[in-house]
1. For the stretch 1-41, what percent of Cα pairs sit more than 12 Å apart?
2. Enumerate the whole-percent occupancy of each 5 Å bin, from 0 to the last occupied one, for all C-alpha pair distances of the chain.
3. Please give the residues of the stretch 16-41, grouped as numeric ranges, whose backbone N is less than 20 Å from a label point set 7 Å along the Cα-to-Cβ vector of residue 55.
4. Test of understanding: what is the full-extension gain from residue 46 to residue 26, defined as 0.36 nm times their sequence separation minus their Cα-Cα distance?
5. What's the carbon and sulfur percent of the chain's accessible surface, probe 1.4 angstrom, rounded to a whole number?
6. Go through the stretch 65-70 residue by residue and turn each phi into a ³J(HN,Hα) via Karplus (6.51, -1.76, 1.60, θ = phi - 60°); whole Hz please, and just put x for glycine and proline.
7. Please turn the phi angles of the stretch 18-32 into ³J(HN,Hα) values with the Karplus equation 6.51 cos²θ - 1.76 cosθ + 1.60 (θ = phi - 60°), one per residue in order, whole Hz, x for glycine and proline.
8. What full-extension length gain, to one decimal in nm, is calculated for residue 82 and residue 18 as 0.36 nm per residue of separation minus the Cα-Cα distance?
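The values are calculated or read from the model by the stated rules, or taken from the named source; none is laboratory data. None of the values given here were measured: they were computed from a predicted structure. Cβ placement follows ideal geometry from the backbone for every residue including glycine, while neighbour counts extend to all protein chains displayed. Accessible surface is based on the protein model in full, side chains and every heavy atom, while ligands, DNA and RNA are left aside. Shrake-Rupley method; radii C 1.70, N 1.55, O 1.52, S 1.80 Å.
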Amino acid sequence: MDVIATVNISNGDFGDWLEFFKSYEILRHKYVENEIITQISSSQAVVSFTIVDFDGLTDLSGSQLLRDGEDRLGISVEIKEKTE
């Protein structure tokens, strides 16, 4: 499934988020491929990717590692399926 995630950062900036995002890249790439990261502003990014293991990605997204990092940076994510 191809998706687009809009990432809003309320307690940091794009650089802070990107550092956090890259910190779990190896784990994430077990479940997604073809990631494209686009900086929209200092507090927003868009990531497009293909989900290859939905259940695995769901488990990772609910992990303590991600929840702690997202809470620290005030991250909210809106995910939409690509319709093209």
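1. When every Cα pair of the stretch 1-41 is considered, 66 percent fall beyond 12 Å.
2. 3, 15, 25, 30, 20, 7, 1
3. Inside the label zone: 27-33.
4. That pair, residue 46 and residue 26, stretches by 5.3 nm at full extension.
5. For the chain, the apolar C and S fraction of the accessible surface comes to 48 percent.
6. 4, 6, 4, 4, x, 5
7. Result, rounded to whole Hz: 4, 4, 4, 4, 6, 5, 10, 4, 4, 5, 4, 6, 6, 10, 9.
8. Difference between extended and current length: 20.8 nm.
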